[in-house]
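Undergrad: Here it is, the structure, as structure tokens.
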Amino acid sequence: MIKKIALACSIMFAVGCTLSAQTVSTKPLTIGEVRIIKSKTLNEDRTLNIYLPQGYDKTKSYPVIYLLDGSMNEDFIHVTGLVQFFNQMYSMPETIVVGVANVDRKRDFTFHTDLKDLQKDYPTTGHSDKFIAFVEKELKPYVESQFKTADKYLFGQSLGGLLATEILLKKPEMFNNYFIISPSLWWDDESLLKQAPQLLSKSPDTKKFVYVSVGKGEHPVMIKDAEVFYDVLKKAGKKNWTLEYKMMETDNHATILHRSLYEGLVKLFPYQEPK
């Protein structure tokens, strides 16, 4: 018995030695690239996480998604996976994703407020004007100088949804497609929401897709504001704007983004049976 055990051990040792002696080839798993750009407007370096479609061809034009909260530990990875899935299984064309990594989202995504409680809770707040200028005059021109681009998307949730709403209302031509998820329209006593009808009256009626969603499990004020905003968009009477609203029945503020983006992309790129 002892001899059998010793023999088994020696065989296992030999196999282990053989396995450990094998040469294993490893290389990084890469889905894109990281670029740092120097912003004069913001007076700081900004990190861009960029997803390029497999087989990217620099001679071709690609749609571009500008993703707010686009840090590696935020929304970049799962949004690029969603984009790849929609390209494979639905009618979405190959698309570049530019994730804008955060430095201070409370500073960048909110406009000025005189409300003392917000100033106290958000001490760096109130500089969305500079961030919007960065996107318009530095980020987009940089991306368009590096890649041939087609349709332009903006994805934003929560405070990012507030910023996306501000851009839609004040500088609508910056993007063709807006995905506004759980926007924090409560900011500054709903002042942006109150200005929306007047701002929309000045917007050109050029082709645009606007998708708004909110989770049923979110704060009642956030739900109300999203519904009011969608109603204001409809009443603006833009004939060339395609408007979509989605109440996510099973989601809250923490869980809504991925599933909501899925629902929005389905509206743009419905499933097509393979030929």
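Undergrad: Suppose we keep only residues that are assigned to a strand (DSSP E or B) and either free of Cβ contacts under 8 Å to residues at least 12 places away in the same chain or among the polar types (S, T, N, Q) (or both) within region 42-80. Which one would you say is surrounded by the fewest Cβ atoms within 10 Å (Cβ to Cβ)?
TA: The initial filter retains those residues of region 42-80 that are assigned to a strand (DSSP E or B), namely 44-51, 62-67.
Add one more test, that the residue is either free of Cβ contacts under 8 Å to residues at least 12 places away in the same chain or among the polar types (S, T, N, Q) (or both), and what stays is 45, 47, 49.
Working: Asp45: 10, Thr47: 16, Asn49: 23.
So, considering only residues that are assigned to a strand (DSSP E or B) and either free of Cβ contacts under 8 Å to residues at least 12 places away in the same chain or among the polar types (S, T, N, Q) (or both), the one surrounded by the fewest Cβ atoms within 10 Å (Cβ to Cβ) is Asp45.
Undergrad: I've got another one for you. Only residues that are surrounded by 13 or more Cβ atoms within 10 Å (Cβ to Cβ) and acidic (Asp, Glu): list them for region 184-204, please.
TA: Asp188, Glu190
Undergrad: Here is a further query. Regarding region 116-133, can at least one residue be identified that is aliphatic (A, V, I, L, M) and within 16 Å of Ser39 (Cα to Cα)?
TA: Looking for residues that are aliphatic (A, V, I, L, M) and within 16 Å of Ser39 (Cα to Cα), one finds at least one in region 116-133, hence yes.
Undergrad: Being open to solvent by 50 Å² or more (accessible area, probe 1.4 Å) and part of a loop (DSSP other than H, G, I, E, B): is that true of Lys38 here?
TA: no
Undergrad: Moving on. Take the residues in region 211-259 that are of a type in the set (Phe, Trp, Tyr) and over 25 Å from Glu74 (Cα atoms), then tell me which one is least open to solvent (accessible area, probe 1.4 Å).
TA: Phe229
Undergrad: Let me ask something else. Can you tell me how many residues within region 144-170 are within 23 Å of His78 (Cα to Cα), of a type outside the set (Phe, Trp, Tyr) and under 16 Å from the mean Cα position of the chain (by Cα)?
TA: 13
Undergrad: Right, next: Mind checking which residues of region 207-229 are within 17 Å of Ser158 (Cβ to Cβ) and of a type outside the set (A, V, I, L, M, F, W, C)?
TA: Tyr211, Ser213, Gly215, Lys216, Gly217, Glu218, His219, Pro220, Lys224, Asp225, Glu227 - these are the residues of region 207-229 that are within 17 Å of Ser158 (Cβ to Cβ) and of a type outside the set (A, V, I, L, M, F, W, C).
Undergrad: I'd like the residue in region 211-248 that is among the basic types (Lys, Arg) and part of a helix (DSSP H, G or I) and, out of all such residues, is farthest from the chain's Cα centre (by Cα).
TA: Checked region 211-248; the qualifying residue farthest from the chain's Cα centre (by Cα) is Lys235.
Conditions tested, residue by residue: (1) open to solvent by 60 Å² or more (accessible area, probe 1.4 Å); (2) on the phi < 0 side of the Ramachandran plot; (3) touching a residue at least 24 places away in the same chain (Cβ under 8 Å).
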| position | (1), (2), (3) |
| --- | --- |
| Met92 | no, yes, yes |
| Val97 | no, yes, yes |
| Val100 | no, yes, yes |
| Lys106 | yes, yes, yes |
| Thr110 | no, yes, yes |
| Asp121 | yes, yes, no |
| Gly126 | no, no, no |
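The values are calculated or read from the model by the stated rules, or taken from the named source; none is laboratory data. Computed from a prediction, not measured in an experiment: that's the story for all the values here. Reconstructed Cβ throughout: ideal geometry from the backbone, glycine too, with neighbour counts over all protein chains shown. What goes into the accessible areas is simple: the full protein's heavy atoms, side chains included, and nothing from ligands, DNA or RNA. Shrake-Rupley method; radii C 1.70, N 1.55, O 1.52, S 1.80 Å.
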